[in-house]
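Peer 1: There's a structure below that I have some questions on.
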Amino acid sequence: MKNIVVGILGAGFVLSAAPAFAGEWRFQPTRCADLVEDRYDRAESRRDERYNYGARDRREDRYDRRESRRDEAITVCPRSSFVYAPSARENRAHGRHYKAPELKLKYDRKRHMYYRTERGRKIYIRG
């Protein structure tokens, strides 16, 4: 009897840990204008900091780094930067006429904006 209970519990753990057969929402950073701008700004800053033209240039670089950190602290992306990738099972079952489930978002009361966490970083959704 004890072995049967242990076996059922073990099977429950194994089956509950199995991957779900559902699609997922994927974030595409290339569709987010804010992240693209941050990447271009970092490249421009690296180019600018290679050359030192005196005290004013160093001061300008310091202000530019501060502005870049402030700009990268918050990311606002359009809703279209999240794309639903259906699983193979969903594609077979529904074919071309499949409608993606709703994107689950959280609400930030301080900023009055919806967001989704992606790799530990809040991505705020515009629109």
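Throughout, read-outs are computed from the coordinates displayed, never taken from laboratory work. Fair warning: this is a prediction, and the values are worked out from it, not measured in the lab. As a convention, Cβ positions derive from the backbone with ideal geometry for all residues, glycine included, and neighbour counts pool all protein chains shown.
Peer 1: In Å and whole numbers, how far do the C-alpha atoms of the range 21-126 stretch along each principal axis, longest first?
Peer 2: So the three principal-axis extents are 66, 31, 19 Å.
Peer 1: Are there any chymotrypsin sites (Phe, Trp or Tyr not before Pro) in the range 28-127 that are in a DSSP loop and have at most 15 other Cβ atoms within 10 Å? List them by number. Walk me through the numbers before you get to the answer.
Peer 2: Working: sites: TYR40, TYR51, TYR53, TYR63, PHE82, TYR84, TYR98, TYR107, TYR114, TYR115, TYR124; in loops: TYR51, TYR53, TYR98.
Within the range 28-127, the qualifying chymotrypsin sites (Phe, Trp or Tyr not before Pro) (loop, at most 15 other Cβ atoms within 10 Å) are TYR51, TYR53, TYR98.
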